[in-house]
Amino acid sequence: MKRVVHAACPHDCPDACSVLITVEDGRATRIQGNPDHPVTRGFLCGKVAKYLDRVYSTQRLLRPMRRVARKGQRGMEAFVPITWDEALDTIAAKFKSIAAEFGSEAILPFSYGGTLGNIQGSTMDHRFFHRLGASQLDRTICSTAGEAGLTSVLGRKLGTEPEQFRHSRYIIAWGANVHGNNIHLWPFIEQARRNGAKLVVIDPYKTRTARVADWHIQIRPGTDVALALGMMHVIFGERLADEDYIARYTVGADKLRARAAQYPPERVAEITGISADDIRKLAREYAMTKPAAIRMNYGVQRSENGATAVRAIAMLPCIIGSWRHVGGGLQLSLSGAFALNKQGLKRPELMQKSLGRAARVLNMNQLGKHLTEELNPPVKALFVFNSNPAAVVPNRTLVLKGLQRDDLFTVVHEQFLTETCEYADIVLPATTFFEHADLQASYGHYHLQRSDAAIAPLGEARCNSDVFRALAERMGFTEDCFRQTDEELIAEALKSNDPWMKGITPESLAEKHSQRLKFNGDDGEPFLPFAKGGFPTASGKAELYSEAVASRGFDGTVDFVPPSESRHARSEKYPLELLARKHDNFLNSTFANLQGHRTMERTGDLELHPTDAAARNITDGDRVRVFNGRGQLHLRARVGYTVGEGVVAAGLDWAGLDGGEHNVNVLTSDRLTDMGGGATFYSALVQVEKA
Ligand SMILES: Nc1nc2c(c(=O)[nH]1)N[C@H]1C(S)=C(S)[C@@H](COP(=O)(O)OP(=O)(O)OC[C@H]3O[C@@H](n4cnc5c(=O)[nH]c(N)nc54)[C@H](O)[C@@H]3O)O[C@H]1N2
Ligand SMILES: Nc1nc2c(c(=O)[nH]1)N[C@H]1C(S)=C(S)[C@@H](COP(=O)(O)OP(=O)(O)OC[C@H]3O[C@@H](n4cnc5c(=O)[nH]c(N)nc54)[C@H](O)[C@@H]3O)O[C@H]1N2
Ligand code: SF4
Ligand SMILES: [Mo]
């Protein structure tokens, strides 16, 4: 029998696609983008279009396993299969003994974006670890710096919906690799360009998006604050600002004017590497072409001054008043619109029961430090799911040193034998989104979706919620919340009095699969979050000066502070700025292990500028050693103009594939961003030499 199941792609991607899965006799035979979904519009990215290869890969983990070899040894031979009962009993016994000896905070959950589904992403797991009294994980690896910067100006993570970009006349993709990481915005941009819109890309790397743009501005990494201030200098100086919008809906404009006056284009040119004429041209075009929209993405905030950079860029639409226009404004993340019942799902009050207080919070970007430094209590157990920390966390050498500890009990719940599994004591098999139901919000559009399970779990795989239900039972947690089914969890999530959630119920979602949030009480009208102010900040206005930011020791407007790991440090030992990038055809470390996906991607390369190559006697194709004080790796030189002078780039990959050891995170730093505790993947200095 043949049927078509409605699902939603749960990967960490702004597009949150509506997916149709054809199932024949219990087996998925086809995947396609839903043609009726207003953002998906009938196509999927190259990664997920090949998803059957992932679901039915012969490398899928299908049984629980126990380690029998030393930690760090690769391959299935390092494990023997065990039953779920044995696995769960072992974990529960270990958690109990560790809690008794060291306190429950010696146990640390570690998860991130394996699935962004609200049920499999963070519900039962949070309940479980709260009830256990485990340490809390500060999930900062991706977006918290940007969130801090954005909300310091706007108050909430809201912005321009993708459907409106078709009406824009001027589009800036600012640290946003639209073609690689946000492909469903592209058709709207193309539509706008057919109507005469101009696309500008501000990125230190010549991405696929930059190559097809009208104008690529190859900014030096970590200097966006200066560029935004330079634009403001021109906009204020040449009276291009929307003074009416500023007067009505912003605070701190005068302080900001004074600051911008310190950043004439000539000074900004020296910092950013962009000519003063280009800075003037960009500012004028942006302020004078209506409507103008900025698609900023998280690339901007992976620098030491990343939160301030986002703060500075978020001020621009407030100054030119582009929030007023359909097709104007700015988008970074739209996730703040989804007022789901997060408290009800996560039950933070359970911590009171176990600890009588909130458990300590550990920043995930510093996992290596937490596992290797003296902590009280030390981390003695790590439960990893929805994440591959051995690959994705910065300062990987330190992370591996920690994971290598024989006295650390590590559980990994996974679909594949990842690099992290190489250090696991117990490995548990996880389902894919084909095999479980979920509720899917988005950070790149305003449609809430229900994802149905298409097929039965493969082998003995279990979904995240099932694993934590079973563990709660083993631990003797008797609260009712541990017995809620996934369907009950979906209903719980939708218990919300927020007006934008009106009319979105378990029943309506089961029938319609996808519903746009109800912004104006009705469907379909363009949503203009800040056309008439309404900023949910302390002042009720867009904060061009922020007391909260100032009280934390930063400039209350914005000011350019160069990253300590940047060319401004004038390091002779490590003079090159590294962009430790994502691949277009992988999703962070996900998909990198699948041969079909690898053939679409160039891996193992170090991209460098001809001048930097010549200075080191390196020619295209040479093997090079890339190193700094944290680590080294060997890559193949690719000489060209994808990067500017003084900048090199390499992609995130699994170590150990193709016989190489090329995981770029041995070079990245676990230093945190200015605000938000974020990761600084794009602030790292290295040296390169011919191997
Ligand atoms: N194909 C694919 N899609 C993905 C992902 C993936 O790995 N692959 N990852 C997903 C995830 S987890 C996320 S968070 C989103 C992220 O989506 P993006 O925010 O788009 O992510 P990045 O690729 O980190 O950064 C975007 C661009 O910022 C540039 N950049 C780096 N430093 C600077 C700087 O200092 N200034 C400026 N202006 N630009 C800079 C980079 O060169 C890069 O091209 O994408 C998601 N989608
Ligand atoms: N050098 C460098 N490092 C980076 C980045 C970069 O740009 N450069 N990007 C950073 C960013 S933005 C992010 S968001 C992080 C991402 O870090 P992670 O969230 O760890 O991302 P992934 O590498 O995609 O690993 C997710 C894992 O979850 C598993 N998984 C998927 N679904 C499920 C499920 O339902 N249950 C369970 N138990 N497991 C599941 C997948 O198989 C996969 O191995 O990486 C960061 N690391
Ligand atoms: S990864 Fe992104 S673009 Fe690809 S199918 Fe999933 S949501 Fe869509
Ligand atoms: Mo991310």
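The values are calculated or read from the model by the stated rules, or taken from the named source; none is laboratory data. Being a predicted model, the structure only gives us computed values, none of them experimental. Counting neighbours? That spans all protein chains shown, and the Cβs are built from the backbone with ideal geometry, glycine included.
The sole residue among Glu419, Glu473 that is charged (D, E, K, R), surrounded by fewer than 22 Cβ atoms within 10 Å (Cβ to Cβ) and out of contact with any Leu (no Cβ under 8 Å at 6 or more places or on another chain) is Glu473. For the range 21-41, the criterion of being in a loop (DSSP other than H, G, I, E, B) and within 16 Å of ligand 1 (Cβ to nearest atom) is satisfied by at least one residue. Residues in the range 6-20 that are among the small types (Gly, Ala, Ser) and in a strand (DSSP E or B): Ala7, Ala8, Ser18.
With the requirement that a residue be closer than 28 Å to Ile82 by Cβ, in a helix (DSSP H, G or I) and either hydroxyl-bearing (Ser, Thr, Tyr) or outside the structural domain of Pro81 (by TED's automatic domain parsing) (or both), what does the range 457-512 give you? Ser465, the sole residue that qualifies.
Starting from the range 78-104, keep only residues that are over 17 Å from Phe477 (Cβ atoms), then list their pairs with residues that are of a type in the set (A, V, I, L, M, F, W, C) and surrounded by fewer than 15 Cβ atoms within 10 Å (Cβ to Cβ) whose Cβ atoms are within a distance under 8 Å, requiring at least 6 positions of separation or different chains. Here the result reads Ala78/Val68; Ala78/Ala69; Phe79/Val68; Phe79/Ala69; Val80/Val68, each pair linking the range 78-104 to a residue that is of a type in the set (A, V, I, L, M, F, W, C) and surrounded by fewer than 15 Cβ atoms within 10 Å (Cβ to Cβ).
Return yes when Cys17 is within 16 Å of ligand 4 (Cβ to nearest atom), outside the structural domain of Leu116 (by TED's automatic domain parsing) and crowded, with 21+ Cβ neighbours inside 10 Å and no when it is not. It is false that Cys17 is within 16 Å of ligand 4 (Cβ to nearest atom), outside the structural domain of Leu116 (by TED's automatic domain parsing) and crowded, with 21+ Cβ neighbours inside 10 Å.
Regarding Phe110, is this residue in contact with a Lys or Arg (Cβ under 7 Å, 6 or more places away or on another chain) and either surrounded by 23 or more Cβ atoms within 10 Å (Cβ to Cβ) or not acidic (Asp, Glu) (or both)? No.
Where residues in the range 548-580 are surrounded by fewer than 21 Cβ atoms within 10 Å (Cβ to Cβ) and within 26 Å of the chain's Cα centre (by Cα), which of them is nearest to Leu256 (Cα to Cα)?
Asp559
In the range 468-511, which residues are free of Cβ contacts under 8 Å to residues at least 24 places away in the same chain, farther than 26 Å from Phe128 by Cα and of a type in the set (Gly, Ala, Ser)? Residues satisfying the conditions are Gly503, Ser508. Taking the range 99-201 and the strands (runs of 3 or more DSSP E) fully enclosed by it, the elements with 3 or more residues that are more than 16 Å from ligand 4 (Cβ to nearest atom) and assigned by TED's automatic domain parsing to the domain that holds Tyr286 are at 170-174. When residues in the range 58-81 are screened for being at negative phi, surrounded by fewer than 17 Cβ atoms within 10 Å (Cβ to Cβ) and assigned to a loop (DSSP other than H, G, I, E, B), 8 of them pass. Filtered by the rule that a residue be part of a loop (DSSP other than H, G, I, E, B), of a type outside the set (A, V, I, L, M) and buried (at least 17 other Cβ atoms within 10 Å of the Cβ), the range 336-355 gives Phe338, Asn341, Arg347.
Would you call Gln440 surrounded by 23 or more Cβ atoms within 10 Å (Cβ to Cβ) and of a type outside the set (Lys, Arg)? Let's see the steps before the verdict.
Values: surrounded by 23 or more Cβ atoms within 10 Å (Cβ to Cβ): yes; of a type outside the set (Lys, Arg): yes.
For Gln440, the condition - surrounded by 23 or more Cβ atoms within 10 Å (Cβ to Cβ) and of a type outside the set (Lys, Arg) - is met.
For Gly46, the stated conditions hold: it is more than 23 Å from Glu419 (Cα to Cα), within 16 Å of ligand 1 (Cβ to nearest atom) and under 29 Å from the mean Cα position of the chain (by Cα). Among the candidates Thr431, Thr397, Thr420, the residue that is of a type in the set (Ser, Thr, Tyr) and either under 30 Å from Thr40 (Cα atoms) or outside the structural domain of Ala92 (by TED's automatic domain parsing) (or both) is uniquely Thr431.
Filter the range 270-329 for residues that are in a loop (DSSP other than H, G, I, E, B), more than 16 Å from ligand 2 (Cβ to nearest atom) and out of contact with any Ser or Thr (no Cβ under 6 Å at 6 or more places or on another chain) and give the result. Result: Gly273, Ile274, Ser275, Thr289, Lys290, Asn305, Gly321, His325, Val326.
Kindly evaluate Leu371 against the criterion of being more than 16 Å from ligand 1 (Cβ to nearest atom), under 19 Å from the mean Cα position of the chain (by Cα) and buried (at least 20 other Cβ atoms within 10 Å of the Cβ). Judged against the criteria, Leu371 is not a match.
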